[in-house]
Amino acid sequence: MAIIYMKLGLLILSTYLGIAGFFLMPKVQFGVVAKRIYKEYPYLAEPVQLLINDDLFIYTSPVGKAEYAWKTIKKVAESNSLFVMLHITNVHYVLPKRAFPNAETIDLFKTILTNHDIEISQ
């Protein structure tokens, strides 16, 4: 059984807010909104953990823990620096490649996705 364990920092919220801010708000106003969100919800600055194995992935944050079977992942997009997984509920999970310990674990992650017939788009 393959297991990949990662600690992700502010990356998920930061990436989501960055994408939303770029497309939906002027950059100056967005910076103010992002600072207000971090001030109102300090737990968003806490690291999250992701455990990946052959059967599921477990997402643990300061506010809770969620377990997802691979069959609930619609698709995965890959860039040079990250993976974005789209869940059937249209929730996105951003996995920066720098959170993986090495290139072999990135290949292992791709193998797990392939084994579950999840297409990886570029």
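Any read-out appearing in this document is the output of simple, stated calculations on the displayed coordinates, not a laboratory observation. All values derive from a computational prediction rather than experimental measurement. Cβ: placed from backbone, ideal geometry, glycine included. Neighbour counts: every protein chain shown.
Numbers for the structure displayed
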read-out	value
Flagged links, alpha-carbon separation over 31 Å, of K39/K110; K39/K75; K35/K65; K35/K110; K39/K74	K39/K110; K39/K75; K35/K110; K39/K74
Largest to smallest principal axis extent of the C-alpha atoms in the stretch 58-111, angstrom	28, 25, 17
Using a Förster distance of 22 Å, the FRET efficiency for I88-T60 (Cβ separation, nearest 0.05)	0.65
Amide proton proximity set for K74, modelled H, under 5 Å, gap of 5+	L86, H87, I88
Over the stretch 33-122, equivalent-ellipsoid semi-axes from the Cα gyration tensor in Å	24, 15, 13
Using θ = phi - 60° and Karplus 6.51 cos²θ - 1.76 cosθ + 1.60, couplings along the stretch 39-54 (whole Hz; Gly, Pro as x)	6, 6, 10, x, 5, 5, 8, 7, x, 10, 10, 10, 10, 10, 9, 5
